[in-house]
Each structure stands twice: as structure tokens, then as C-alpha cells.
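Have a look at the structure that comes next, please.
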């Protein structure tokens, strides 16, 4: 715009009769910038998207937050709220039609001398703020760098897993081909497997509730890795339990529908993976199955943990004792 600032004082100036208000003031140790305008708002841009890739004057690099921009304008959303009934009077008309020139004044007042008074921004406070700002930016850049490194590491792990799956698929295809060749030659794979002879003893063992309670007490004392070789159940009892469980599961369909009737609580137990301590904790907390409390175990009983056999013995005994519960 045109015109001169008159009476630059503590509050405002004048431009051909219109008041110029102090919109912003930026200070450093040796410089000061004052922005005066007769417009209603001043937008402040921080340079958040600067990344130092575009060279500046004399090849200078401008990283994030290395500059700022002060843009004076009318109030945001004024185009929608001005000239409407009931709207705030602060929203001046911003649409300029033919024959109605728009005049606005923005004055950027630079000074190399520090201000006479620095009550709002003492030197010590400015120095402290700069230190905090520098530390925060450093932390932010390190955090972004760590995120980038972790992302790259994660992508490498995913590539490795995909390669392993591809390799396993190729090996599986070879095994399938070998199996088919054996079948074509008239010799099944089972004929090539040497089955060890196991002497079975006649046992009339059947789990009871009192026996199961005592067994779980014994397991609780031997479920540590150091005692993983302890056999709390005789061999013939174990084989009898497996035979009974096999007969029980043979009566069931592959897909068993479950319908809860009345006020029945269903407790769903996730993967146990050989952690018999988790199974004992769940049973101790909720109690044994009953007519009003059913259990659903979703598989993955073995692997990883030290007491997969004990878990199977407990679950098989529960199935034999409580049936569908």
C-alpha cells in the first residue's frame, strides 16, 4: 500500500487517517522487527516444512524452523461471515468488486539496535529458551532417525521372513514330489518308517477328581525347567489315559457346535505353549468346569514351554471328567 507511518509510538501509527496497529514484534539480541498494519489479522508461518534441500542465498541451507513469515490479512473465514445478519461486526467485507479498489498497509520496521526495554523477554530467559529449543530439536531429530532405522530394520525382517516362506514352499514341493514318486512305485512312506516296539501293560487306570487334584499339586512343584525330567505319572497310566481320550474324541465330530443355555459363563483360554503355570493359575482363579461354567481351549498346548505333557494330561483328564463342560 501507500502512505507513511505517523507517530510510531507505544501503540499505533496512522496511515492517511487509518490506524496502524502493531501486529507482531520479533526480537533477537541485536535485531528487532516490528510489523504494523491496518488489517485485522496476522498469520505466522514457522518454516516447518523446510528441509535444507533447496539452497538459498550464497548456497546457504535452510533446515526446519530456520525462518518465519508474517502475513497480514483479514480475519479467517471472513468471506463466509461478513455481511451476514447476526454475524460479528469484526468481520469486515472482504469481497472487492469492480470500481472498488482495495487499499491496505503493511509496514515492516527493522532495527539493529536492541529495544530500550526488554521486560517481556529478559536476556537470560531468551538464552534459556534457545537452549531448550535446541535440545528439543535435537531430541526430535534423533527420534525421527530412530524411527527410520527401526522401520528399515522391520522391512528387512519382513523380507527375510518372506524369503524363508518361499524357501520352505519350494522344499515342501520337493517333498510332495518325492512322496508321489514313492506311491507310484507301490511303496507307501509308512512302510519305510521303523516303528519301535512298545510293551503295553494292562491298566485299568481312569482319572478321578481327587487324583486330578493331587496330580496338579505335584505338577505345581515340578514345573520348573530344572525339574522338567520328573515323571509324575506312571507310563501305563499315561497310555491308558491316551486310549480313553482317543476313544472320547473319536465319538465327536470335526466341528462341534457350542450352545450356551441359561446363565452359563464361558471361559476362553488362549495359547498355553507348554506353560503349565498359566493353566494352573487359570484353574485356581476360576475353578474347575461346571454346569454353569464352561471352558474353551483354543489349541496350541505344546511347544516352547517345558511342561507340554503335563498340560495335555490335565486337559485330557478334564475332558474325561467333565465332558462337554
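Looking at the range 98-113, which of its residues are surrounded by 10 or more Cβ atoms within 10 Å (Cβ to Cβ) and assigned to a strand (DSSP E or B)?
Quick first cut of the range 98-113, residues surrounded by 10 or more Cβ atoms within 10 Å (Cβ to Cβ) only: 103-109, 111.
Passing the criteria: 106, 107, 108, 109, 111.
Find the residue count for the range 269-297, including only residues that are loosely packed, with under 14 Cβ neighbours inside 10 Å and over 15 Å from residue 318 (Cα atoms).
4
The rows are residues; the columns are (1) under 23 Å from residue 104 (Cβ atoms); (2) more than 44 Å from the chain's Cα centre (by Cα); (3) in contact (Cβ under 8 Å) with a residue 12 or more places away in the chain.
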residue: 30; (1), (2), (3): no, yes, yes
residue: 38; (1), (2), (3): yes, yes, yes
residue: 46; (1), (2), (3): no, no, yes
residue: 53; (1), (2), (3): no, no, no
residue: 56; (1), (2), (3): no, no, no
residue: 59; (1), (2), (3): no, no, no
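Within the bounds of the range 78-100, is there any residue that is under 23 Å from residue 37 (Cα atoms) and at pLDDT 85 or above?
No, that holds for no residue.
Would you confirm, using the coordinates I've provided, whether residue 315 is in a helix (DSSP H, G or I) and crowded, with 16+ Cβ neighbours inside 10 Å?
So residue 315 fits the description; yes.
The values are calculated or read from the model by the stated rules, or taken from the named source; none is laboratory data. Everything quoted here is computed from the prediction, not taken from an experiment. Quick reminder, even Gly has a Cβ in these numbers, built from the backbone with ideal geometry, and neighbours come from all protein chains shown.
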